[in-house]
1. Can you list the trypsin sites (Lys or Arg not before Pro) in segment 283-372 that are in a DSSP coil and have 11 or fewer other beta carbons within 10 angstrom?
2. May I ask you to give the average projected area over all directions of the convex hull of the Cα atoms of segment 172-214, in nm² rounded to one decimal?
3. Looking at this model, which pairs from LYS549/LYS570; LYS159/LYS432; LYS237/LYS302; LYS125/LYS507; LYS159/LYS266; LYS132/LYS266 are more than 29 angstrom apart at the alpha-carbon?
4. How charged is the neighbourhood of TYR272? Take every other residue with its Cβ under 11 Å from the Cβ of TYR272, and add Lys/Arg as +1 and Asp/Glu as -1.
5. Let me test this: with uniform point scatterers at the alpha carbons of segment 231-343, what is the Debye-based log₁₀ I(q)/I(0) at q = 0.10 1/Å?
6. Which whole-number value in Å² is the accessible area per residue of segment 296-412, probe 1.4 Å?
7. Along the three principal axes, how long is segment 317-441 when you take its alpha carbons, biggest first, rounded to the nearest angstrom?
8. Output needed: percent of Cα pairs per 5 Å distance bin for segment 93-157, bins running from 0 to the one holding the longest distance.
Amino acid sequence: MTTLSPWRTFSALSRQTQRSAQPWVCRECTRARSRVQTQITQTARLSTTQNVFSQVGKRAWRERIKIPRERRKVALVATAAFVTLATGLAFSERVRHAYMACERSGRVCVTLAVCVNDYYWLLKKGDDPEFKSLLSACHKKCAQRTLEAMEKNGSIFIKLGQHLSSLNYLLPNEWCDTFIPLQDRCPVSSYPNIEAMVLQDTGKRLEDYFSEFAVQPIGAASLAQVHVATLKSTGEKVAVKLQHPALDEWSKLDLALTRFTFRTLKYWFPEYDLTWLSDEMETSLPLELDFREEGRNARRAKEYFSHLPRHPLVIPEVIWADRRVLVMEYITGHRPDDLAFLDANGISRDEVSAALARIFNEMIFGDSAPLHCDPHGGNLAIRLNPSRSKPRNFDIVLYDHGLYRDIPMALRRSYAHMWLAVLDNDEDGMRKYAFDIAGITDEEFPIFASAITGRDYRVIGSHSGVAGKRDDDEKRAISDAIGQDGLLEQLVSLLGRVPRVILLILKTNDLTRSLDENLHTSEGPVRSFMILARYAARCVFEERVESIKGSLLWPGNFWIWGCAVVGYAKVAVKLRVYELYLSGRRRVGLRAQVM
């Protein structure tokens, strides 16, 4: 028996173990490996289970939400409606504004297109024996169509229509007569909108300013409305003028539409250029929309006439003014054409007419006087004043001081010279000063004279002159004459060149002339023209005295001064004698004969 050494025996056992057994690992390592393997096995089982249940759940959910095709369409429509509603609520104000802007613009464009089309084809029938009647019908139809568009748009279109209604020397009677209702047919803004506007502009509510505030306005105009209220601080009763809130939203668009309208008319009818109307509106309207400017004008006019106590003019005191809110002293009265009120209170229509003539001629011819350029019946009131003796027992209340102009001194004096020439039937003088005022040529003078005086040029040069009464036949004659022989084209061209302040003087003349005619005085316009002559003569007198250099003791200077005094006295004495004559006739119960 062979005996193996210990070393060989160990080597043999090692080789046998390596062949038949796993490598040796310590006990702690074996336990750790066992725990990791158990966790992996459990995770794999759980993942498999979750995946199985997930697939089953998805199949069950798909089965549950199967919707018929019709119900699916309803669901889509409802979803779309919800999204649209949410979007509309988010952008509702912009959507509303865009829609209304398109509506307003479309209304103007459609009306303009239809009217241009009607006139374009009608004017091609100039040889038709019935052309005159066809043209009158076209005027009426287009004016009515335009009136409806203006009333629907409101805003500054009402203001424009009121202005156009007074342009008798420029527009056919059919247009002017159709627009007359706009003088009294003005929009009224709702109380909630007014309340919101005051809060937005001032940061306070109406009840913070006023202890009482009448919800319904006592008057409404194209740009604003007036409410009666009581000041919380003093308890004073006041008139609160509030701008229509919509004007801020639409004034810029409406001015652009007005400009577009007149430029379109000029494109189709080049001889009828009325773009100067839109230019004047773009200048004056922003001033009228700022009530702080109106407050300044009212205070200035009140200060000016405070030095002329003989004028029965009352201008309400301005308490405070903001851009769209104006608080004034509360003074009320009756319209100048309320003849029943005048007669019932023993107020002489003739004296009202004379007082109006004095007030507005003072504004036109007075040195540094402010000119109120919108004296229509809605901006004036007659108030009974028992402290004055009859027949002058009244005050004239003047409202709405938004549109004022200052007349340059040189223009004021040339205008005075021209009127004196008109009243003296001095045609050479008329032509000279018409050229000084606006560069009027001899060919253009007849139509300019008619525009200034509102009279037929043949009457201006006649023996009776412009002081005679203007009847309906003469008004029609003026309108018919303007439409013939190219006179309308001359007038439109002329008005586009004259200084803008002349246009406003013409407007003031037209409105005051209308006020006088609505009073149906017993004297006709004679006295009014004599009052005008007195103020024009005073203006010329001041010019001549101002031209004197040095002492009056010099013979030349004394001669100039004497001629100026005689010139003024001749007119003033003539007026005074005529007024004494009228007063004497009233005292014996006689009426003056209307010329």
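1. Answer in residue order: ARG310.
2. Seen from a random direction, the Cα hull of segment 172-214 projects 4.5 nm² on average.
3. Working: LYS549/LYS570 24 Å; LYS159/LYS432 35 Å; LYS237/LYS302 20 Å; LYS125/LYS507 34 Å; LYS159/LYS266 21 Å; LYS132/LYS266 23 Å.
Those over the limit are LYS159/LYS432; LYS125/LYS507.
4. Details: positive: LYS266; negative: GLU271, ASP273, GLU489.
Value of the local net charge: -2.
5. -0.51
6. Values: 4570 Å² over 117 residues.
Normalised by residue count, the accessible surface of segment 296-412 is 39 Å².
7. Here the spans come out as 47, 40, 21 Å, largest first.
8. Whole-percent P(r) values from 0 Å outward: 3, 16, 21, 18, 13, 10, 8, 5, 3, 2, 1, 0.
The values are calculated or read from the model by the stated rules, or taken from the named source; none is laboratory data. Keep in mind the model is a prediction, meaning the values are calculated, not measured. All Cβ positions, even for glycine, are placed from backbone atoms using ideal geometry, and neighbour counts span all protein chains on display. Remember, those area values only see protein heavy atoms, side chains included, never the ligands or the DNA or RNA. Shrake-Rupley method; radii C 1.70, N 1.55, O 1.52, S 1.80 Å.
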